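Step one of this worksheet: look at the structure below.
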Amino acid sequence: MDGAGAVLDMDDWRAQLPPQARPRILNKILETLLRHHPVSNREGLQELNKIALRIEGNFYTAATSQSDYLRKISLKMLTMETKAQNTRPYALPSNTAGNSCEDSAGKGKILKTPLSMASINNGLRHQKRARLPPSNQNETQNPVDYISKLPNDIIVHIFSFLTTKDAVKTSVLSKQWRSTWTSNQYMSFSLPPGSSSNLKSFIAFVDSVLLRCTAVQVKRFLFDAPCHAFMQSSLDTWLEFAIKHDVEEVSITPHYWRYNIYALPQILFLCTTLVSLCVSQCCFSVLSAVNWCSLKILRIEYAELNDEGMVRVFSGSPVLEFLELKSCRGVKHIMVESKSFRELVIDSHEFRPDQGLMLKIWAPHLLKLRLLGNSQGGEFSLDEVSSLIEAELNFEMESFALDKVKAHGDLVMGLLKRLHHVTKLVMGSWCLQVLSLMEAREVFLPSLQCRHLILLGTADHEGVPAIVKILESTQRLEKLFLQTTCTLNSAVKFNAEGVGRHNSAGEEFWNSAKWRIHQCLMHLKQVEIVDRGANLLLWESVLSLLKFLLQNALCLDKILINSTNSESSQAVEVAGILLSHPKCCPSTKVILRCPSQGCPSKLVR
């Protein structure tokens, strides 16, 4: 068989769809609409039919394949059923069939649907179906339920986007789906904070789901709910169930009342199938050896750690690729020898005098490092990070004080020396402020091999010295990204000094600094600015920089301006000013992005 003939065109699936398929699906949608929006006259039926036609027609046009068409229809019908559910919040469906139900008084009275399926079909026969292909099949033949005939892999894919509560609700879609949820491999149980009154029904619901579960493997187990002392044993049992079913992804986020701390069961540390683990506000106590031979992603939040326990975690996780520690305390050393270890995130690390004021990182194969958040009271030491290619220094220490200026400067200088080889560097506002103070001390930065530089801070007259200082050290820079954080207060202060006076953010300053950054100007190709300023005054210091780069960068390909303010007229004015400014490279483009104008970008030539 010719290989080319075996490949079907993307639109071929519509031609191969059985002619009776779309009318059957339309009937199914109309049946759902009638169940939740009963009508008693022909006009109402016609309106619902128009809605059903529009729903089916939109998905028929947008779908890329027959399976995609059926999946979109199924999700839409599930959404319709879910919004109309008025049952108890954690009630499981019964196994009985039929469309009848008992009244709330429990007297066994039968409630009939407003219109039967026969009346629906009868109404449809008397209406025009202009946008549906005619059926070549006899209407008396057995109807085909395409919702029930969805492939199993698509059903599993649908379940992966739903909470377990919503997955249970899919039992109303069709007879085939009545018990399909029991084979769901993705379990997600959640309650909003402050839902203590529903805890008993929540526990009974989870127990019932696990009891009726027929899945051989549980791929995901997520828990995000209040965790009082009386339900901690239940959570242990649920975790044990997931572990015995070869769980791959676990996320535990208990909400507490009166500072109860959930202690992770030791059996979790021996789960060999675990690939991703996220725990928050849990007692992460490692009492024995760890066997996480498949673990690749580990996130720990708001936990008390210690070096001995973390050594056991690292030695028992030979293929660990990603580690994030957020608002953790107690650990003083992060030492990972594994060649698989790729990314480390330290967010808002808590230093305590009795637990050490230094966090040392030793990871010779680490590729990406991010130091984030408020980390007051301590320091970071990068002992071995020789393989790093990307680093982010976006953390904050205590507020600036005269007796801390030198210590802060030494900290940032030491980090940059250890990161001199990275090709992508991100620096936050706190580190840029430190660099500005170092400028006054005439301290020189180490030479940086960075090709892509991202600066997240002020670009006003106070922040410009830091920009100059780091541009002076990045002699082979190709891409510069600036996210400014100009405020109204800085604008008032700047205005008080007088617009047009000589200041460190003006064009005269940049011209005087040209000799310091001339190496950077030889390689710079792209500049991107994100500014939230509300008026032109806040743009003035940024404009001075852009003008300077436009006139002096030899290889500059484009300047990209992202205006995130709802009023983009100022950004357009800035682009106009740049358009009339002399260019060192005639082919340089100025690209203005104004989402508020309804278009993603505008090219200013």
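State which residue pairs qualify: first residue surrounded by fewer than 17 Cβ atoms within 10 Å (Cβ to Cβ) and at pLDDT 85 or above and inside the stretch 49-70, second residue part of a helix (DSSP H, G or I) and not aromatic (Phe, Trp, Tyr) in any location, beta carbons under 8 Å apart, and separation of 6 or more residues or different chains.
If the second residue must be part of a helix (DSSP H, G or I) and not aromatic (Phe, Trp, Tyr), the pairs left are Ile51/Leu33.
Taking His333 as the residue in question, decide whether it is farther than 22 Å from Met310 by Cβ, surrounded by fewer than 16 Cβ atoms within 10 Å (Cβ to Cβ) and not basic (Lys, Arg).
no
Would you tally the residues in the stretch 577-604 being within 24 Å of Leu554 (Cβ to Cβ) and either at pLDDT 80 or above or of a type in the set (Asp, Glu) (or both)?
16
Can you give me the number of residues within the stretch 320-330 that are over 18 Å from Ala303 (Cα atoms) and open to solvent by less than 50 Å² (accessible area, probe 1.4 Å)?
1
Does Leu298 qualify as being aliphatic (A, V, I, L, M), out of contact with any Asp or Glu (no Cβ under 6 Å at 6 or more places or on another chain), part of a strand (DSSP E or B) and under 20 Å from Arg220 (Cα atoms)?
Yes.
Does Ser317 qualify as being closer than 25 Å to Gly377 by Cβ, in contact (Cβ under 8 Å) with a residue 12 or more places away in the chain, under 26 Å from the mean Cα position of the chain (by Cα) and buried (at least 18 other Cβ atoms within 10 Å of the Cβ)?
Taking the combined requirement at face value, the residue does not satisfy it.
Among all residue pairs at least 6 apart or on different chains, which show Cβ distances below 8 Å where the first residue, located in the stretch 174-198, is more than 21 Å from Leu70 (Cα to Cα) and assigned to a loop (DSSP other than H, G, I, E, B) and the second is open to solvent by 50 Å² or more (accessible area, probe 1.4 Å) and at pLDDT below 80?
Between residues of the stretch 174-198 that are more than 21 Å from Leu70 (Cα to Cα) and assigned to a loop (DSSP other than H, G, I, E, B) and residues that are open to solvent by 50 Å² or more (accessible area, probe 1.4 Å) and at pLDDT below 80, the close pairs are Leu191/Asn198.
Would you pick out the residues in the stretch 277-310 that are crowded, with 17+ Cβ neighbours inside 10 Å and over 26 Å from the mean Cα position of the chain (by Cα)?
Matches in the stretch 277-310: Val286, Val290, Leu305, Gly309, Met310.
Which residues, counting only those in the stretch 16-48, are in a helix (DSSP H, G or I) and without any contact (Cβ under 8 Å) to a residue 60 or more places away in the chain?
Result: Gln16, Ile29, Thr32, Leu33, His36, Glu43, Gly44, Glu47, Leu48.
Where residues in the stretch 206-254 are of a type in the set (Lys, Arg) and free of Cβ contacts under 8 Å to residues at least 60 places away in the same chain, which of them is farthest from Pro193 (Cα to Cα)?
Once the filter is applied, the top-ranked residue is Lys244.
The values are calculated or read from the model by the stated rules, or taken from the named source; none is laboratory data. Note that this is a predicted model, so its numbers are computed, not measured. Note that each Cβ is placed from the backbone with ideal geometry, even for glycine, and that neighbours are counted across all protein chains shown. Note: accessible area is taken over every heavy atom of the protein model, side chains too, but ligands, DNA and RNA are not part of it. Shrake-Rupley method; radii C 1.70, N 1.55, O 1.52, S 1.80 Å.
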